Each structure stands twice: as structure tokens, then as C-alpha cells.
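**Student:** Got a structure here, written out as C-alpha cells. Questions coming.
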Amino acid sequence: MQTIQVVLDDELLRAANRAARRVRVNRSALIREALRRHLERMRTQELEHREREGYRKHPDTGEEALLWASVAAWPED
């Protein structure tokens, strides 16, 4: 783990301190978790964007779904 310097405005720093106290972690742990979650959201958004673009460029014709439906094994009732 490395130590870095981050500049926060006073209001954001106070909010971070309050949040850290509320969840009983230190400020560094709070910021690490917030950054992890933000990066994961960014990754998810990028994957969703790539998937949308893929479907936009190559729209689903429905033929693939019909193929899978023809070989699907549904449990007996």
C-alpha cells in the first residue's frame, strides 16, 4: 500500500470524516472503498456501453433465440 496526497475542499473533508465515524472506519479506508466502488461502476458502465454498441452494430435477429429454444430442455411439471 502506498501513501498519497489528495486535496479535498473543506465541505467534502467534513462529510468524509462524518461518514467514516458513522461506519467506524478511518478516513483512508472510507476513501479506498469509495474509489473501489466508483471504479467498479465505471467498469460496469463501460461494459454496458460496449454491449449496447455491439447490439447497435449487429442487431439481434431473433434467430439465435429460436435456435436455443429448439434445443432447450425444460423440466417436466
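Every read-out reported here was derived from the displayed coordinates using simple, explicitly stated rules and does not represent laboratory data. None of these values were measured; they are calculated from a predicted model.
**Student:** Looking only at the stretch 18-77, how many residues end up being β-branched (Val, Ile, Thr) and farther than 30 Å from residue 5 by Cα?
**Tutor:** Total satisfying the criteria: 2.
**Student:** Can you pull out every residue in the stretch 23-67 that is among the hydroxyl-bearing types (Ser, Thr, Tyr) and under 22 Å from the mean Cα position of the chain (by Cα)?
**Tutor:** 28, 44, 55
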